[in-house]
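One structure below.
Computed from the coordinates by the stated procedures, all read-outs in this text should not be read as laboratory data. The shown structure was predicted, so the numbers you read here are calculated from the model rather than taken from an experiment. Cβ atoms come from the backbone with ideal geometry, glycine included; neighbour counts cover every protein chain shown.
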């Protein structure tokens with residue numbers, strides 16, 4: 001541009017293109033940041049889920065003494081589902097194990113549900129009465145396992161935080 | 001505008017354009033570096049993979065059921081719970097990437113045994129370890145895991161496995 005008017009227009013275009021470029025760069029920066037945070041959350045959730053799965057699996061394999069017979073918690077759940085007997089024994093063992101585990105670990109709350117033909121256990125255990133925090137802000141932390149029963153299956157759902 | 005005025009105007013104009021170009025390069029460089037560093041945060045996954053290798057490996061700490069001929073992850077054999085087993089299972093030739101301690105407690109919180117993997121680096125890194133995202137670039141990242149497990153010492157008992165996995169910030 002050789003004339004005076006044209007000579008002033010070019011710097012104005014440069015200025016606005018710089019503004020637009022900076023706005024786009026800021027937008028890209030925030031998109032990357034949000035994406036990275038989301039990836040990190042996914043990895044954290046996966047790690048937490050992996051721990052919950054291990055804890056549930058080992059909890060179900062824990063051996064307990066029932067009338068002089070050694071059986072696992074999973075066996076006891078199946079037994080309770082079958083004839084309703086030993087429900088108190090199951091609740092007492094479950095409370096003992098999970099309460100002691102919470103007391104001696106970093107976790108604050110545990111939730112376990114087992115449902116066969118009818119609900120078998122529905123339990124929410126908190127570390128101690130002084131704990132004021134909230135539990136299970138993230139519903140994704142629930143894991144489940146299935147146990148066999150004559151017609152269908154027993155579903156055990158578990159979450160820990 | 002006379003010829004002299006036009007030349008000085010053009011000079012200022014081009015200086016402005018070079019400044020614009022410089023800002024452009026800097027901003028693109030910064031955004032690219034952010035993108036790269038965001039993609040490289042893999043320490044949590046590394047610690048998770050390491051823990052799973054120790055937890056699930058049949059040659060590490062798991063109890064081996066002779067009758068069924070299988071190793072049972074989640075049940076820790078106290079005889080296998082030692083440094084040598086973990087080191088032979090993982091087989092790093094020169095390990096300056098990861099160190100860890102595993103402490104086994106009974107359900108009442110009484111310590112049964114502690115095993116330290118890569119002790120030389122663990123002792124070096126532990127005092128400067130911080131949780132991921134905290135501490136400077138010279139710090140090391142520590143990841144803590146606490147799992148309800150069973151341990152075997154003639155019979156299976158409930159216990160708690162606490163692991164501290166430390167990785168340097170490379």
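Per residue of A:11-17, count partner chain C-beta atoms within 10 Å of its C-beta, then hand back the mean as an integer.
The per-residue average across the peptide is 2.
Percent relative contact order of chain B, based on C-alpha pairs within less than 8 angstrom and at least six residues apart?
Rounded, it is 19 percent for chain B.
Roughly how crowded by other chains is peptide B:140-147, in terms of the mean Cβ count from those chains within 10 Å of each of its Cβ atoms?
Details: counts 0, 0, 0, 1, 1, 5, 8, 9.
Rounded to a whole number, the mean comes out at 3.
Could you calculate the FRET efficiency of residue A:91 with residue B:91 from 1/(1 + (r/R0)^6), where r is the beta carbon distance between them and R0 is 41 Å, rounded to 0.05? Numbers along the way, then the final one.
Numbers: r = 46 Å, r/R0 = 1.11.
Calculated value: 0.35.
Give the Debye-formula value of log10 I(q)/I(0) at each listed q (0.10, 0.11, 0.16 Å⁻¹), with one equal scatterer per alpha carbon of chain B, two decimals each.
At q = 0.10, 0.11, 0.16 Å⁻¹ the computed log10 ratios are -0.52, -0.58, -0.96.
Figure the gain on full extension for residue B:46 and residue B:19 (residue separation times 0.36 nm, minus the Cα-Cα span) and round it to one decimal in nm.
Gain in length upon complete extension: 5.4 nm.
If you wrap a convex hull around the C-alpha atoms of the protein assembly as shown and split its volume per residue, what is the figure in Å³?
228
When a/c is below 1.5 the answer is rounded, else prolate if a/b is larger than b/c, else oblate, so apply that to segment B:80-154 with a ≥ b ≥ c taken from the square roots of the Cα gyration tensor eigenvalues.
Note, shape of segment B:80-154 comes out oblate.
Add -39500 (n - 2.57) for each DSSP H run of 4 or more in chain B, then divide by its residues: what number comes out at 222 nm, to the nearest 500 deg cm²/dmol?
Only helices count here, giving -13000 deg cm²/dmol.
Shape of segment B:37-116 from its Cα gyration tensor (a ≥ b ≥ c, root eigenvalues): rounded if a/c is under 1.5, otherwise prolate when a/b > b/c, or oblate?
prolate
Rounded to the nearest 0.05, what FRET efficiency is calculated for residue A:115 and residue A:65 with R0 set to 22 Å and r the Cβ-Cβ distance? Mind dumping the intermediate values first?
Numbers: r = 25 Å, r/R0 = 1.16.
Efficiency for this residue pair is about 0.30.
Output the Cα-based Rg and Dmax of chain A in Å, rounding Rg to one decimal and Dmax to a whole number.
Cα-based Rg and Dmax for chain A come out at 28.3, 104 Å.
Subtract the Cα-Cα distance of residue B:169 and residue B:79 from 0.36 nm times their separation in residues, and report this length gain in nm to one decimal.
Contour length minus Cα-Cα distance gives 29.0 nm.
What FRET efficiency would be calculated for the residue pair residue A:17, residue A:43, taking the C-beta separation as r and a Förster radius of 51 Å, to the nearest 0.05?
Once rounded, the FRET efficiency stands at 0.85.
Could you work out the relative contact order of segment A:22-121? I mean the mean sequence separation of Cα pairs under 8 Å and 6+ apart, divided by the number of residues, in percent.
Computed value for segment A:22-121: 15 percent relative contact order.
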